[in-house]
Amino acid sequence: MSAEAKIKLLTSELKEHNYNYYVLARPTISDRDFDRKLKELELLEQAFPAHVDPNSPTKRVGGEITKSFDTVVHSSRMLSLGNTYNKEELMDFDNRVAKLTGGNDYQYTAELKFDGLAIAIRYKNGLLHQAITRGDGTKGDDVTANVKTIRSIPHQLKGEFPVDLEVRGELFIHKAAFVKMNEERIRLGESPYANPRNTAAGTLKIQDSSEVAKRPLDGFLYQMLEHGGALNHYQSIEMMRSYGLPVDEATKLCDSINDVWDFIIYWDQERHNLSFDIDGVVVKVNSRLQQEEMGFTSKFPRWAMSYKFETERQLTKVININYQVGRTGAVTPVAILEPVQLLGTTVRRASIHNADFISQMDIRVGDSVFVEKGGEIIPKIVGVEKSMRDSNSIPTQFINVCPECSAELDRPEGEAVFRCPNYSGCPPQIKGKIEHFIGRKAMDVSSLGEEKIDVLYQSGLLHRPVDLYELKHTNILGLSKNIINEDSAEERVVSFKEKTVQNILDGIQASKSQPFERVLFALGIRFVGETVAKKLAYHFKSMDGLMNASLENLNAVPEIGEVIACSLRSYFSSDENKTEIELMKSHGLNFNVEEKELSSNKLENLSFVVSGIFSLFSRNELKKIIEDNGGKNVSSISKSTDYLVVGDNMGPAKKEKAEKLGIKMIDENEFSTMIAE
Ligand code: IVH
């Protein structure tokens, strides 16, 4: 089969698998096989760029950078909906519909109301042409590159689609993905996002679409502008489904408002089992003709209405406002509440984010406040009942000194967060850094944890991560501490017995063999997460290389921007940090990328260009074999190239150039013989 045909085949197969997986949620292939095919396609596309489908499944990983989003005028206004909050209001809506339809029969479609952000997507000749945010309803931002990374949104329609089609719907982020993203942010010392909806909205406005691709956006479409022959709304949903567009399974055709009410009651309960947030139900008159007859008010369609669920919300009192200091020194305020039951759990604290949030909401100690639980990890305060406020209550003044070490707090320009600058003397920062250092993705000393680190810190043995390597059996055997659980008031003893001590020391010893990239991540340099640490390690190869890199050198590394570069420079300019790194070196930690063991040096001093498709190896495998045997891969042919390894379908230009320069051409069998000899 020709490369072109193979690319076509793989492209269409993968599109089908994407559809089965993301739209139908019925995969017919294992993730592994999918990844293998995707990789194969990627390699073929690299080798034959002329045959790449512009809507190839490989493009879902993004890559396009949008400097600023273009403004696009909507083909018709993107309207919002009127709201109802109880059965009476819903019945009033039904009475109005009955009047406006002049006594004729009518049906409703009941749909879930997805809590995300609205999007309009235009298809031309079945190809995704443009995606526009709601904006002010009249015009929005062109976010096509970002929407193209969403796997459930097809780049190409299936079936009998209209030539010009505009569909509208809602994009959102799944609850679990949101929690995971926030856990990661907290781990990196960043402040968490408030809720999945804002996170989805923020994600859609990121300028680098490859960043967007890493965040799992999803969505459902609920409106088709061109009727495509559909006589009613429910049919148009079915049509969108037939074009391969993601539409929600829950959508239901209802013969009466009572059926709609049953749908509402059912989903009010069931919503907690959904993987995404909904905030109500949308009811739409089903017939297109009746919709047209009813028309619009200045803001809303008269033929549709939203029913908003009550969010579980409780009134309780703020007993105190505490301030927590994280490992990067960020000071986070937390409201301590009179315990209250919310969705089956007792809530004692609520996040109040930062100083701006406190002053905007005017939250004071003693206030009665409403707390709500969304997809968030900790419940949040959504309102203050000012009518219940004590007349002598005083506005909250955000602290100006660190609650843990009394250092004066900083508020860096442009940041919402106050920070304690006493990085090396503030207890929660010290302990936080050590906890990060031993973390699973860092040095991975699983025999230590928060409580044991606390005991070691309290006994004066640990002040900084490198002190771990100074710990001695005799110094830590027998240490102990009583720990009281704040919520249950239960008391426990953490004690360092013989076996515990041995496990701790063994774990610390074993951590010395962690590779450089992990050591770099473990240092906890601001903005240097796991991936950035890997990139830096492979680029600079050693700590010395990294420490000596100028701002420009750092900035020149792909995907390392100004913020990371400055953070690195500031970290390495501290004598304390430099001393700690030296000490770590003396304890034998890895500060170099270990050179790979060569399989042989048969290809030493030889340079290779690999081109085309091979049957014995993938191109990447072949390149790796070259490197493992001491050879060098180069991307284009020059007179200093020693060999051109020729695969199937190699471009004629390369061949011509190699012939002209007298470069030796070998096929994969000849190459294998070279290695085997
Ligand atoms: S229909 C003219 N259907 O809710 C009809 N909207 O509060 C326009 N929404 O702006 C919207 N789920 O962003 C419709 N199944 C659904 C929806 C839905 C969520 C959003 C949409 C709209 C907002 C109105």
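The values are calculated or read from the model by the stated rules, or taken from the named source; none is laboratory data. Not measured: the values here are computed from a predicted model. Every residue, glycine as well, gets a Cβ built from its backbone with ideal geometry; the counts of neighbours run over all protein chains shown. Heavy atoms of the whole protein, side chains included, go into the accessibility calculation; ligands, DNA and RNA do not. Shrake-Rupley method; radii C 1.70, N 1.55, O 1.52, S 1.80 Å.
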inquiry  = Please report the antiparallel percentage of DSSP beta bridges with both residues in the range 325-403, rounded to the nearest 5.
reply    = 90 percent
task = Go from 0 up to the bin containing the longest alpha carbon distance in the range 290-412, width 10 Å each, and give me the % of pairs per bin.
result = 11, 34, 24, 15, 10, 5, 1
Lys, Arg +1 and Asp, Glu -1 on Cβ, resulting dipole of the chain about Cα centre, debye, nearest 20 = 640 debye
Charge dipole (debye, nearest 20) of the range 1-157; +1 at Cβ of Lys and Arg, -1 at Cβ of Asp and Glu = 240 debye
remark   = Between Thr531 and Lys180, Cβ-based FRET efficiency (R0 22 Å, step 0.05) works out to 0.90
Simple label model, 7 Å out from Cα along Cβ direction - Ala676 to Glu451, nm = 6.1 nm
message = Using the Cα centre of the chain as origin and beta-carbon charges of +1 (Lys, Arg) and -1 (Asp, Glu), tell me which of Thr133, Ser570, Thr311 is placed farthest towards the positive end of the dipole.
response = Ser570
task = On a C-alpha basis, how far is the centre of the range 543-578 from the centre of the range 522-540 in Å? Whole number, if you could?
result = 10 Å
key: Which of Gln397, Ser446, Ser209, positive extreme of dipole for the chain (C-beta unit charges)   = Ser209
key: Selected from Pro196, Gly229, Ile265, residue furthest toward positive end of dipole (the range 157-278; charges at beta carbon)   = Pro196
task = Would you compute the Debye intensity of the range 255-315 from its alpha-carbon atoms alone, equal scatterers and no solvent, and pass along log10 I(q)/I(0) at q = 0.13, 0.23 Å⁻¹ to two decimals?
result = -0.46, -0.99
ask   = Once phi is turned into θ = phi - 60°, what whole-Hz ³J(HN,Hα) does the Karplus curve with 6.51, -1.76 and 1.60 give for every residue of the range 147-154, x standing for Gly and Pro?
value = 5, 5, 7, 7, 5, 7, 8, x
Cα gyration tensor of the chain - equivalent ellipsoid semi-axes, whole Å, descending = 48, 44, 20
key: Heavy-atom accessible surface of the chain: percent carbon and sulfur, 1.4 Å   = 49 percent
message = If packing is taken as the average number of other Cβ atoms within 10 Å across a peptide's residues, how do 319-327, 474-482, 387-395, 234-242 rank, most packed first?
response = 234-242, 319-327, 474-482, 387-395
key: Reciprocal of mean inverse Cα separation for the range 80-138 (Kirkwood radius, Å)   = 15.1 Å
task = Mind jotting down the distance between the C-alpha centroids of the range 337-368 and the range 209-255, whole Å?
result = 38 Å
key: GluC sites (Glu not before Pro) within the range 490-529, DSSP loop, no more than 11 other Cβ atoms inside 10 Å   = Glu490
key: Geometric extent, Cα atoms of the range 520-661 - Rg, Dmax (angstrom)   = 20.1, 59
key: Rg/Rg_ref, the range 56-207, where Rg_ref = 2.2 N^0.38 Å and atoms are Cα   = 1.29
message = Per residue, how much accessible surface does the range 390-488 expose to a 1.4 Å probe? Answer in Å², no decimals.
response = 55 Å²
key: Heavy-atom surface of the range 566-605, accessible at 1.4 Å and reported per residue (Å²)   = 64 Å²
ask   = Expressed as a whole number of Å, what is the distance separating the alpha-carbon centroids of the range 440-462 and the range 631-672?
value = 55 Å
key: Average projection area in nm² (convex hull over Cα atoms of the range 377-462, one quarter of hull surface)   = 9.5 nm²
Relative contact order of the chain, defined on C-alpha pairs under 8 angstrom at six or more residues apart (%) = 9 percent
message = Probe of 1.4 angstrom, ligands and nucleic acids ignored: what's the accessible area per residue over the range 135-235, in square angstrom?
response = 42 Å²
Distance in nm between pseudo-label sites at Val493 and Asn633 (7 Å out along the Cβ direction from Cα) = 6.0 nm
message = Restricting to Cα atoms and excluding each atom paired with itself, what does the Kirkwood estimate give for the range 136-278 in Å?
response = 17.3 Å
